[in-house]
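Bear in mind that the values in this text are calculations on the coordinates, not laboratory data. In this text, all values refer to a predicted model and were calculated from it rather than measured experimentally. Cβ coordinates were reconstructed from backbone atoms using ideal geometry, including for glycine residues, and neighbour counts include every protein chain displayed.
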Amino acid sequence: MDLFETPIVKEKKAIGRAPIHTHETRLMIGRQVVNKELSYSKAALAYGLSEGAVGAAVKLYKQTELGVRTKEKKAVRQQERNETLQEYHHQTQVKQLKQEIAELYIENQLLKKALKHFRQPKRGYGSVITPESLDQSQKAAE
């Protein structure tokens, strides 16, 4: 005695209406347009389709027949983009490092100048006002 009965599985119906042309026919239409044997409008007139349906056939052809090449091209383009991006980041980093070196050089020169200034011997009390220096400056002013 089975406690669990397997449910009956119904086949799902395809969504939408059935296509007018078969898969092979749409691939043929796409190939003719891609190979420039027909234009979109001429293919639409010849096969009784809209230009949008011809565009869908071209897209289908490119995805199925040319899909491998397209994926390889995309991989190559992605690799080129990655290399370009890495080069850009490298150049940006070099530029930032050069700017930092320049700033550190200027700071170093400023510190050398300040050190030289502070190491100079003091000239005495020349800037301090004393009664004697005040008398001398008043006499000089007269």
request  = Report the one residue of Gly52, Gln138, Val94 whose Cα lies farthest in the direction of the positive end of the charge dipole of the chain (charges on C-beta: Lys and Arg +1, Asp and Glu -1; origin at the Cα centre).
outcome  = Gly52
Ranked Arg77, Arg26, Arg31, Arg17, criterion: other C-beta atoms within 10 Å, fewest first = Arg17, Arg77, Arg31, Arg26
query = Taking 0.36 nm per intervening residue step and subtracting the Cα-Cα distance, what contour gain separates Lys116 from Lys62 on full extension?
reply = 11.9 nm
request  = Just tell me which aspartates and glutamates come within less than 20 Å, Cα to Cα, of Lys71; anything on the same chain fewer than 8 places away is out.
outcome  = Glu80, Glu83
ask   = With charges only on Cβ, +1 for K and R and -1 for D and E, what is the dipole size of the chain about its Cα centre, in debye, rounded to 20?
value = 420
query = If you line up the Cα atoms of the chain on their principal axes, what length do they span on each, largest first, in Å?
reply = 121, 66, 29
